[in-house]
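Shown next, in structure tokens, is the structure this report addresses.
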Amino acid sequence: DVRYRTGFWDGRPLKTHLTPLAAALGELGAWVRLHYVYPYPHVDELIPLMAEGRVLPYLDVPLQHASPRILKAMKRPANADGALARIWGWRKICPEMTLRSTFIVGFPGETDADFQQLLEFLEAVELDRVGCFTYSPVDGAAANALPDPVPEEVKQERQARLMALQAEISARRLRRKVGQVLKVLVDAHDEEGRTIARSNADAPEIDGVVFIEDGLALPVGEFAEVRIVGADEHDLYAEVGGAQTLKRKLRRNGEVRVKDT
């Protein structure tokens, strides 16, 4: 809405465009996490910033659906294949990227075939975090006048099926982190004696957490390194002990190997 106007920050000119603004935020020494970014071509410019560690390798992209017919009815870009190819391209540049998205089921006119197309898309793309909402009329929305409303019980059934599928995908992706040493931000210590932290893949209040069983000595608000020892559908489980020994590096024949003692 400001047409990429140039402003000034810290005494230097800065264009009001997503890429230079994200790069400037990355200079502040804080975790910079991007939400609600539509997958337009200019978003590709952000991925190298993530690969370089300048902003978190995390992107929240509201894809909404995968059926071209339903996306068109929603007045969204109707190109699920293009979105899939773009996401695969992002992951080639930044393999550690965490992708979150939201979807709507039960939009007027959504058929069983449309919904099946959405499930197949989720299987193919393997998003890390997914939210799913059932469609509900909003005062003044053009969609209210669309034909073939989906019965409420069908909406609820589709939402449950989608979230069950995503739980399997999420659990599978989180299991890949078991054995890794991750940098986490310590949020709290709970009444059960566990430490609650977040990795760079966990947005506050909406994503999972990292439970640390032996982390009571870790100060809240500080970063720590922990070893992941377990995972479920949403959360990771970690320990402080062993993190340093896991990171011992043995250089042999020009390779860096990890030794767990």
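The values are calculated or read from the model by the stated rules, or taken from the named source; none is laboratory data. Just so we're clear, the structure is a prediction, and the values are computed from it rather than from any experiment. Because the Cβ atoms are built from the backbone with ideal geometry, glycine has one as well, and the counts that use them run over all protein chains shown. Surface accessibility is based on the protein's heavy atoms, side chains included, excluding ligands, DNA and RNA. Shrake-Rupley method; radii C 1.70, N 1.55, O 1.52, S 1.80 Å.
For the chain, the C-alpha radius of gyration divided by 2.2 N^0.38 Å, with N the number of residues, is 1.16. Ranked from largest to smallest solvent-accessible area, with a 1.4 Å probe on the protein heavy atoms, 44, 60, 139, 112 come out as 139, 112, 44, 60. For 161, 172, the ranking by accessible surface with the largest value first comes to 161, 172, using a 1.4 Å probe. Note on surface exposure: 111, 19 rank 111, 19 by accessible area, highest first, 1.4 Å probe.
Rolling a 1.4 Å probe across the protein heavy atoms gives the chain an accessible surface of 56 Å² per residue.
Could you tell me whether region 5-47 comes out rounded, prolate or oblate from its Cα gyration tensor? Rule is a ≥ b ≥ c as square roots of the eigenvalues, rounded for a/c under 1.5, then prolate if a/b exceeds b/c, otherwise oblate. Note, shape of region 5-47 comes out oblate. All other residues whose Cβ lies under 11 angstrom from that of residue 113 are scored, Lys and Arg at +1 and Asp and Glu at -1, for a net of -3. Bridge orientation summary for the chain: considering DSSP beta bridges with both residues in this region, about 65 percent are antiparallel. May I ask for the net charge around residue 51, where only other residues with Cβ less than 11 Å from the Cβ of residue 51 are counted and Lys, Arg are +1 while Asp, Glu are -1? Every neighbour counted, the sum reads +1. Given their separation in residues at 0.36 nm each and the Cα-Cα distance between them, residue 163 and residue 14 gain 49.5 nm when the chain is fully extended.
Seen from a random direction on average, the alpha-carbon convex hull of region 5-117 projects onto 8.2 square nanometres. Helix-only arithmetic for the chain: the sum of -39500 (n - 2.57) across DSSP H runs with n ≥ 4, divided by the residue total, places the mean residue ellipticity at 222 nm at -8500 deg cm²/dmol. Taking the protein heavy atoms of the chain in the context of the full set of protein chains, the accessible area attributed to carbon and sulfur is 53 percent at 1.4 Å. Here residue 183 sits with roughly 110 square angstrom of accessible surface, probe radius 1.4 Å.
Spin-label model, residue 216 to residue 154: label points 7 Å out along the Cα-to-beta-carbon direction sit 5.5 nm apart.
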